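Student: Structure below; questions to follow.
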Amino acid sequence: MKWTARPFRSRFLPSLNDATTEETYRMVMIINEEEGKDLLPMGECIDLMEDVFREFGRGNGVNPPRLRYSCPTPDPTANYFANIHAGALPKYGVAAVRLNSRLTEERDDETRRVEFKHPTGRYWGQFLIYSLETAELLGIIVDGTISPLRVGATSGAAVRLLARPDSRVAGLFGTGHQAELHARALAAALPLQRMKVYSPSRAHREDFCARFGDELRIPVTSAAEPGEVVKGSDVICCATSSSGPVFDGRDLEPGQTVVSIVNSDVVFERHEVDRETIRRSDLIVVNARESLHANRQKELLDPIEAGETSWDKVAELGEVVNGTAPGRRDPAEIIYYKNNSGMAIQFAAVGKAMLDKARETGVGRELPGEWFSADLEPWFARGYSPAS
């Protein structure tokens, strides 16, 4: 059955204002994992994230801190975990709600880490994109790959701004999904000539090095211990599932840029870097200060409260993008970028770009908007304008 939609023109989304769009845009675009994973190249997503934080730094985005909660389940070894983001970007004409639903278990064998359990063999995470012009649902996107993509791209945007221009060597901790996206982001953001990789699993890191040496076309070598990754690296990137520090901050060298993506919050107390790294950092850049407080991100709050560092060393990425806070001022500075919070404005911008790309390339599928909404016409006919 072919569904026909009512005509619609968007002043916020001019690229959609053609004849084909007018016939179909009332439909809701569904993009699954397989269709969405290659829609946005890493370099394009890095540029997009830089623009997102430029807008946020100018006060143009609405982005309350994310909501996370956990509760017991019938399985005594697992907790239920939910992660929810909501916000809007007027420049892009859209709002986003992102959520994922998981089971988690904290393990402490070789390293203390959080593992996710998947009893169905599937990942359950989606983000919804809404029009700011009409409030209607525009699309639903499965984010199994997209969420790590925007994390990696944000790290890429940060190191492009903060790392020394002559950075040629990257050290990477981790070999999982986030590490793969961060390897691509670092290579897209910097003129790398070499990458070193450490993971507790020798088999994992050797497989990673073989694959990414071919993909990135630079030497990607396996490190036998964490200190090898830190020594001589211009950028050190932590993209792990660890709940504890993955290297010794005493090994840091002048001029290095450190990136970390694991966060402590009200659900998990986790951190990939130690207090020494924070003490030695001349500048600490975060995505959002508000999230530090709202999510009680102890990794940074505790050393600040202990006087081991200070708020005057902390800047937001949006401030650095806009030049309202300094980035790197000296080649010898150690700079710590804490990718400290997922943000709904990231999903809003990525979602808008993916909907445009899906229509350009003919991927995805469309379902009638009537399936996702309630008809208010009977109320309007009686003179009412109900809230729902």
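The values are calculated or read from the model by the stated rules, or taken from the named source; none is laboratory data. Note that the coordinates shown come from a computational prediction; the quantities given were computed from them, not determined experimentally. Every residue, glycine among them, receives a Cβ derived from its backbone with ideal geometry; neighbour counts consider all protein chains shown. In case anyone asks, the SASA skips ligands and DNA or RNA and just uses the protein heavy atoms, side chains included. Shrake-Rupley method; radii C 1.70, N 1.55, O 1.52, S 1.80 Å.
Student: Would you be able to say whether some residue in segment 366-384 is open to solvent by 60 Å² or more (accessible area, probe 1.4 Å), in contact with a strand residue (DSSP E or B) (Cβ under 9 Å, 6 or more places away or on another chain) and small (Gly, Ala, Ser)?
Tutor: Scanning segment 366-384, I find at least one residue that is open to solvent by 60 Å² or more (accessible area, probe 1.4 Å), in contact with a strand residue (DSSP E or B) (Cβ under 9 Å, 6 or more places away or on another chain) and small (Gly, Ala, Ser), so the answer is yes.
Student: Looking at segment 258-277, is at least one residue touching a Pro at 6+ places or on another chain (Cβ under 7 Å), assigned to a loop (DSSP other than H, G, I, E, B) and modelled with pLDDT of 95 or more?
Tutor: There is at least one residue in segment 258-277 that is touching a Pro at 6+ places or on another chain (Cβ under 7 Å), assigned to a loop (DSSP other than H, G, I, E, B) and modelled with pLDDT of 95 or more.
Student: Continuing with the same structure: Do we have ARG150 as at pLDDT below 95 and open to solvent by 40 Å² or more (accessible area, probe 1.4 Å) here?
Tutor: Against the criterion (at pLDDT below 95 and open to solvent by 40 Å² or more (accessible area, probe 1.4 Å)), ARG150 does not qualify.
Student: Restricting to segment 10-23, what's the tally of residues that are over 26 Å from the mean Cα position of the chain (by Cα) and either crowded, with 16+ Cβ neighbours inside 10 Å or at pLDDT 90 or above (or both)?
Tutor: 4
Student: Still on this structure: Since ALA187 meets every condition but one in (1) within 18 Å of VAL262 (Cα to Cα); (2) assigned to a helix (DSSP H, G or I); (3) open to solvent by 10 Å² or more (accessible area, probe 1.4 Å), which condition does it not meet?
Tutor: Going through (1) within 18 Å of VAL262 (Cα to Cα); (2) assigned to a helix (DSSP H, G or I); (3) open to solvent by 10 Å² or more (accessible area, probe 1.4 Å) one by one, ALA187 breaks only (1).
Student: Continuing with the same structure: Assess whether SER241 counts as being farther than 24 Å from GLY327 by Cα, out of contact with any Pro (no Cβ under 8 Å at 6 or more places or on another chain) and small (Gly, Ala, Ser).
Tutor: Here the answer is yes, as SER241 does meet what is asked.
Yes/no matrix, rows are residues, columns are (1) hydroxyl-bearing (Ser, Thr, Tyr); (2) open to solvent by 20 Å² or more (accessible area, probe 1.4 Å); (3) free of Cβ contacts under 8 Å to residues at least 60 places away in the same chain; (4) not in a helix (DSSP H, G or I):
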residue	(1), (2), (3), (4)
VAL285	no, no, no, yes
SER291	yes, no, no, no
ARG296	no, yes, yes, yes
GLU299	no, no, yes, no
THR309	yes, no, yes, yes
GLY318	no, no, no, no
VAL321	no, yes, no, no
PRO326	no, yes, yes, yes
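Student: Still on this structure, I have one more. Take the residues in segment 32-59 that are of a type in the set (Gly, Ala, Ser) and crowded, with 18+ Cβ neighbours inside 10 Å; name whichever of them is nearest to the chain's Cα centre (by Cα).
Tutor: If we take residues in segment 32-59 being of a type in the set (Gly, Ala, Ser) and crowded, with 18+ Cβ neighbours inside 10 Å, then GLY36 is nearest to the chain's Cα centre (by Cα).
Student: Is it the case that segment 328-336 has a residue that's under 18 Å from the mean Cα position of the chain (by Cα), open to solvent by less than 40 Å² (accessible area, probe 1.4 Å), within 22 Å of SER199 (Cα to Cα) and of a type outside the set (S, T, N, Q)?
Tutor: yes
Student: Give me the residue from segment 190-231 that is open to solvent by less than 20 Å² (accessible area, probe 1.4 Å), part of a helix (DSSP H, G or I) and aliphatic (A, V, I, L, M) and, out of that set, nearest to TYR337 (Cα to Cα).
Tutor: Among them, the one singled out is VAL230.
Student: Filtering segment 257-266 down to residues that are farther than 14 Å from VAL229 by Cβ and in contact (Cβ under 8 Å) with a residue 60 or more places away in the chain, which residue is surrounded by the most Cβ atoms within 10 Å (Cβ to Cβ)?
Tutor: Residue satisfying both the conditions and the ranking: ASN263.
Student: Shifting gears a bit: Kindly indicate the residue of segment 132-146 that is open to solvent by less than 10 Å² (accessible area, probe 1.4 Å) and either part of a loop (DSSP other than H, G, I, E, B) or of a type outside the set (A, V, I, L, M, F, W, C) (or both) and also modelled with the highest pLDDT among those meeting that condition.
Tutor: Filtering segment 132-146 for residues that are open to solvent by less than 10 Å² (accessible area, probe 1.4 Å) and either part of a loop (DSSP other than H, G, I, E, B) or of a type outside the set (A, V, I, L, M, F, W, C) (or both), the one modelled with the highest pLDDT comes out as GLY139.
Student: So, one more: Which of the residues spanning segment 232-256 are over 22 Å from the mean Cα position of the chain (by Cα), in a loop (DSSP other than H, G, I, E, B) and crowded, with 16+ Cβ neighbours inside 10 Å?
Tutor: Correct list: SER233, ASP234, PHE247, LEU252, GLY255, GLN256.
Student: Taking strands (runs of 3 or more DSSP E) that do not extend beyond segment 73-121, which have at least 1 residues that are at pLDDT below 80 and open to solvent by 70 Å² or more (accessible area, probe 1.4 Å)?
Tutor: Here the list reads 94-108, 112-117.
Student: Sticking with this structure for a sec: Please identify the pairs in which a residue from segment 228-256 that is free of Cβ contacts under 8 Å to residues at least 12 places away in the same chain has its Cβ atom under 9 Å from the Cβ atom of a residue that is outside any loop (DSSP other than H, G, I, E, B) and of a type in the set (Val, Ile, Thr), counting only partners at least 6 apart or on another chain.
Tutor: Hits for this filter: zero, empty list.
Student: With respect to HIS177, determine if the residue is more than 19 Å from the chain's Cα centre (by Cα) and either surrounded by 17 or more Cβ atoms within 10 Å (Cβ to Cβ) or touching a residue at least 12 places away in the same chain (Cβ under 8 Å) (or both).
Tutor: Answer is no for this residue.
Student: As an exercise: evaluate ARG164 against (1) without any contact (Cβ under 8 Å) to a residue 24 or more places away in the chain; (2) within 24 Å of GLU316 (Cα to Cα) and give the number of the one condition it does not meet.
Tutor: Looking at each condition in turn, ARG164 falls short on (1).
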